[in-house]
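Worksheet: one structure, shown below.
The values are calculated or read from the model by the stated rules, or taken from the named source; none is laboratory data. These numbers were taken from a predicted model, which means no experiment stands behind them. Virtual Cβ from ideal backbone geometry, glycine too; neighbours counted across all protein chains shown. All accessible areas refer to the heavy atoms of the entire protein, side chains included, with ligands and DNA or RNA removed. Shrake-Rupley method; radii C 1.70, N 1.55, O 1.52, S 1.80 Å.
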Amino acid sequence: MLSLEKINSFLCTELKNIDINIFEEVTSTNTLLKEQGRNKNEWCTYIASSQTGGKGRLGRSFYSPENTGVYFSVLLKPDLEIEKAILITTAAAVAVTRVLETLGCQNAQIKWVNDIFVDNRKVCGILTESVINTETKKLQFAVLGVGINLIKPESDFPEEIKNIAGAVFQNETEDLKELFVAEFLNEFYKIYVNLSSADFMKEYKAKCFCLGREISVISGDTVRQGTAISVDENARLLVKFSDNHEEFISNGEISIKITKKT
């Protein structure tokens, strides 16, 4: 089991009294916290050593075995318009890369919009689920979920994700999981207090490794080829398509053409 005492010892002063709940195994930390979000205080955090029904974007599952990664969700109640909810996800991506750098991984990069890659392998996924206040048209609350493969599973990744999934480190060091969670909360907090300013998007753009590369833009059954040009302050990806017209996209998925080193 993860140590609550150790996590608290690494937290910044502003987060020392937040409600942290640790589980050995759950279906999904996002699902549990979303069900209880109305009755919990902001920054309430659910952490699990493994998940049986981890959630990814677009209805996909997220592989969440024990002894390799850490999976957690944070309850947020920002004064934020619906269309700016994506800033939560992008801020989290920046926070993850900052923490990995402090832990010794200097080559973590962001794949638009919510994945973290190391050496062309996905090591971390981020999922934000929002509940809308229909009267104000703003977020009632949001649940930010992060799942990261800190070390490689003993039996390797399942066949269906073997060619894309990876881990950050070769071996686990003392307090690695507790330190990662706490430092993520610390770094995310620094960004979150001024989230609507989107100042952090410059850093997001600098770490976004799809820019300047050939990509496929996938929306439902439609796949379009183009080149990723830039990311704006609202986290929209500017794409120049094969017919030379340029367009901002704010949803869907991209696939990046990876050029293998020889």
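The aspartates and glutamates whose alpha-carbon is closer than 15 Å to the alpha-carbon of Lys16, local same-chain residues fewer than 8 away aside, are Glu5, Glu42, Glu178, Glu183, Glu187.
Largest first, the extents of the alpha carbon coordinates of the range 197-262 on the three principal axes equal 34, 33, 22 Å.
Here the dipole of the chain is about 560 debye; that uses its Cα centre as origin and unit charges on the Cβ of Lys and Arg (positive) and Asp and Glu (negative).
Taking only C-alpha pairs under 8 Å that are 6+ residues apart, what is the relative contact order of the chain in percent?
Details: 522 pairs, mean separation 45.3, N = 262.
Over the chain, the number comes to 17 percent.
The packing ranking, built from the mean of other Cβ atoms within 10 Å per residue, places the peptides 238-248, 169-179, 71-81 in the order 71-81, 169-179, 238-248, highest first.
Within the listed set Asn234, Asn186, Asn194, the Gaussian network model of the chain (springs between alpha-carbon atoms below 10 Å) gives the highest mean-square fluctuation for Asn194. Asp19 exposes around 70 Å² of accessible area when a 1.4 Å probe is run over every protein chain in place. The alpha carbon centroids of the range 228-256 and the range 101-129 are separated by 19 Å.
Sort 150-157, 121-128 for me by packing, meaning the mean count of neighbouring Cβ atoms within 10 Å per residue, highest on top. Each step should come with its number before you reach the end.
Working: 150-157: 14.6, 121-128: 21.8.
Averaged packing, sorted descending, gives the order 121-128, 150-157.
Membrane-span-like helices in the chain, defined purely by DSSP H runs whose alpha carbon atoms cover 15 Å or more axially and whose average Kyte-Doolittle hydropathy reaches 1.0, are 86-102.
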